[in-house]
Amino acid sequence: MEAYWKTQDLTESSLPKLDREERDLHQDPDVHVYFGDKKVHREGRAFVTSHRIIWLSNSPNGKNLCLNHSLIARCEKKESWFKYPHALVWLKDFPITVPSKSPDIPPTVIYRKPPAPGYVQLSFHKGNIEEFLSVLKSALKAKIWKPIEKAKKPKPQSASGGLSGIIRGKEVQRRQENKVVDEAFSDMNSLMDKARQMVKLATRFSESKEAKENEEESNDLMRDLGIIGAVSKQGSGSQYHTILARQLSDFIDTPLKRSGGMLTVSDVYCLFNRAKGTDLVSPDDLMTACSLLQQLNLPCRLRRFPSGVLVIQSQSHSDEKASQRLVELIAEHGPLMSIDASRLLHISINLAKEQLQAAE
């Protein structure tokens with residue numbers, strides 16, 4: 001059973017590292033993992049992404065695992081007398097690549113059946129098993145993890161020998177390639193038009209009175225159409241602000257390094273929401289997440305200057321180092337105004353003013 005599970009890497013904020021096209025869809029706390037009917041991992045967070053099931057141990061020394069959707073056959077709720085509900089995740093045959101003895105022969109892929117009884121179980125002690133299974137089934141149906149197959153390049157027809165034959169062959173090949181490209185763009189444009197219409201229709205329906213009265217059916221419809229968004233405030237429940245704080249900490253690391261270890265909350269708000277696209281975060285939710293940064297022992301924290309200006313600064317930031325940097329700039333450029341310090345330090349004017357006052 002271990003062959004199906006890979007080790008999951010984490011970010012600095014203890015969130016799963018996701019692939020470039022992968023999206024976090026749902027999370028549940030206090031989930032236990034069974035290999036078959038044997039409990040092997042206790043107390044962890046379970047994630048459903050567009051590509052995988054991820055399980056992170058609550059123990060600092062525990063294992064963090066992931067199971068690719070491509071290895072899952074189906075999932076269902078287990079009806080039993082257990083105190084806590086269980087989800088059954090049935091596994092497909094495991095692919096094993098056998099290299100060939102000759103470099104001219106491609107490797108062979110064989111499939112090995114999963115160990116009996118052929119499934120893993122997830123036990124939900126606090127989470128929402130119904131929502132978990134609903135999101136997982138939608139992700140399995142959408143198959144976002146599958147690469148888009150490229151159109152096969154048509155083989156040029158054989159032509160007569162000589163220079164004229166080569167030219168005719170190239171001309172035939174060019175026409176065939178142009179035809180394939182024209183057909184591909186025609187099909188793609190038609191598909192995109194239909195997709196846009198479906199998204200607009202589904203979005204309009206989700207905002208209607210009927211959808212609000214039948215919220216569960218509306219959400220199922222959106223997922224069946226492949227319109228699956230990032231983790232929402234409703235989907236994350238009480239964990240929303242904690243998750244948001246960890247996401248913010250991961251995101252803000254690079255901008256903080258570029259800005260000398262400090263950014264105003266208003267700048268952070270703009271940068272973070274611009275990166276999130278349509279999944280915007282409200283000012284109140286962002287402030288709540290910022291207030292949790294230090295409590296969660298993340299690499300940055302919220303700070304309020306005596307003037308009332310709020311900033312996010314890295315834990316490694318030092319006022320002494322910032323003051324020393326200003327002294328060096330004054331020695332090099334002469335007396336500095338706020339606008340001068342802002343330009344030289346690549347920070348906002350308000351933040352430059354605060355740092356100059358702190359240095360005095």
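The numbers here are math on the coordinates, done by the rules we state, and not lab data. Since this is a predicted model, take the numbers as computed values, not measurements. Cβ placement follows ideal geometry from the backbone for every residue including glycine, while neighbour counts extend to all protein chains displayed.
Tell me which residues come under 5 Å, amide H to amide H, from Leu10 once H is placed; ignore anything under 5 positions away on its chain.
Lys17
Which entries in Lys17/Lys63; Lys126/Lys276; Lys78/Lys137; Lys137/Lys276 show an alpha-carbon gap greater than 20 Å? Display every interim value, and only then the final one.
On the way: Lys17/Lys63 15 Å; Lys126/Lys276 29 Å; Lys78/Lys137 15 Å; Lys137/Lys276 25 Å.
Among Lys17/Lys63; Lys126/Lys276; Lys78/Lys137; Lys137/Lys276, the Cα-Cα distance tops 20 Å for Lys126/Lys276; Lys137/Lys276.
What ranking do 31-38, 44-51, 120-127, 69-76 get when scored by the average of other Cβ atoms within 10 Å per residue, highest first? Could the numbers behind the result be given before it?
Details: 31-38: 17.6, 44-51: 23.2, 120-127: 20.0, 69-76: 16.0.
Packing proxy ranking, top to bottom: 44-51, 120-127, 31-38, 69-76.
Using alpha-carbon pairs under 8 Å, 6+ residues apart, how would you state the relative contact order of the range 233-359 in percent? Present the calculation step by step, with values, prior to reporting the outcome.
Working: 130 pairs, mean separation 32.5, N = 127.
Value for the range 233-359: 26 percent.
Taking square-rooted eigenvalues a ≥ b ≥ c of the alpha carbon gyration tensor, is the range 233-359 rounded, prolate or oblate, where a/c under 1.5 means rounded and, failing that, a/b exceeding b/c means prolate? List each step's numbers first, then the result.
Numbers: a/c = 2.57, a/b = 2.17, b/c = 1.18.
Prolate shape, in that a/c is at least 1.5 and a/b is the bigger ratio.
What is the Cα centroid distance between the range 84-118 and the range 247-262, reported in whole angstrom?
Spelled out, the Cα-based centre of one part sits 42 Å from the other.
Would you mind calculating the relative contact order of the range 2-142 from Cα pairs under 8 angstrom and at least 6 residues apart, reporting the percent as a whole number?
Values: 278 pairs, mean separation 36.1, N = 141.
It rounds to 26 percent for the range 2-142.
So, R0 is 51 Å and r is the distance between the beta-carbons of Thr7 and Asp319; what FRET efficiency does that work out to, to 0.05? Mind dumping the intermediate values first?
Values: r = 40 Å, r/R0 = 0.78.
Plugging the Cβ-Cβ distance into 1/(1 + (r/R0)^6) gives 0.80.
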